[in-house]
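Have a look at the structure below before the remarks.
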Amino acid sequence: MTLEARKIRLLMQLRRAGITDTAVLAAIERVPRERFVPPSFHDQAYENLALPIGLGQTISQPEVVALMTQALEATKQHTVLEVGTGSGYQAAVLSRVCRRVYTIERHAELLKQAEARFAELRLHNLTSRRGDGSRGWPESQSFDRIIVTCAAELTPEPLLEQLREGGCLILPVGGQGRTQELLRLRKTSAGIEREELGVVRFVPLVADGSERRSAG
Ligand code: SAH
């Protein structure tokens, strides 16, 4: 089966899984996922699977990318922050549905590869940098939407601070080896509204200083 035929099959699977937002489906159709996975996984690029991208990290399952993007309710008017660039795939999908994307990754090597893909695909509405995304974007601005693609035990406070009123934050919360819940937090004048969107499994969010340093 050609990659194109596999992509069509994947899009049908996504529709059956409840992805109805046509902007999200069009973005998945336009972004070549095979460019975001290692060459040995090219033929699996349109399977509904998470795949390894090196350094113990993974590119999320297409269905999870689609569900999170849909849940974000992002439009061409919105500026979005993503924490956990990884392969860059989720950021590339977001760049097709919103006005501007900021994405932050802690691993320099993954970021370098993701940035090469953004340049190759001419995704000019995307800004990326290395850093600890649990602190938000360093020149803390206000974002319409925030998406976190690694799991934290608790919602990082700086992310809620950098979210504008009326905006929402999608993130998996929970530890490794335990159940993680995908949450949508909406910032309203009355406070934070919390919705549970289902059970997920993500690699951990690693904040600066949270890893034990070895003496050797
Ligand atoms: N959105 C990615 C999924 C990557 S997996 C994609 O589409 O491919 C999650 C990523 O989060 C990993 O690359 C990991 O290195 C990164 N990460 C973990 N903790 C982080 C932190 N505190 N700040 C920024 N990135 C982090």
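Throughout, read-outs are computed from the coordinates displayed, never taken from laboratory work. Please read these numbers as outputs of a predicted model, since none were measured by experiment. Virtual Cβ from ideal backbone geometry, glycine too; neighbours counted across all protein chains shown.
Structure data summary
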{"item": "Cα gyration tensor, the range 1-94 - rounded (a/c under 1.5), prolate or oblate", "result": "oblate"}
{"item": "The chain - Debye-derived log10 I(q)/I(0), Cα point model, q = 0.09, 0.16 Å⁻¹", "result": "-0.33, -1.09"}
{"item": "Sorted peptide list for 118-131, 138-151, criterion being average Cβ within 10 angstrom, highest first", "result": "138-151, 118-131"}
{"item": "Calculated FRET value between Q141 and M1, using beta carbons and R₀ = 30 Å, to 0.05", "result": "0.10"}
{"item": "Proportion of all alpha-carbon pairs of the range 113-184 beyond 18 Å (%)", "result": "49 percent"}
{"item": "Within-13-Å neighbourhood charge of L14 [Cβ basis; K, R +1; D, E -1]", "result": "+2"}
{"item": "Contour minus Cα-Cα distance for E47 and S210 (0.36 nm per residue)", "result": "55.3 nm"}
{"item": "Kirkwood Rh in Å, taken over the range 67-114 so that all alpha-carbon pairs contribute", "result": "10.9 Å"}
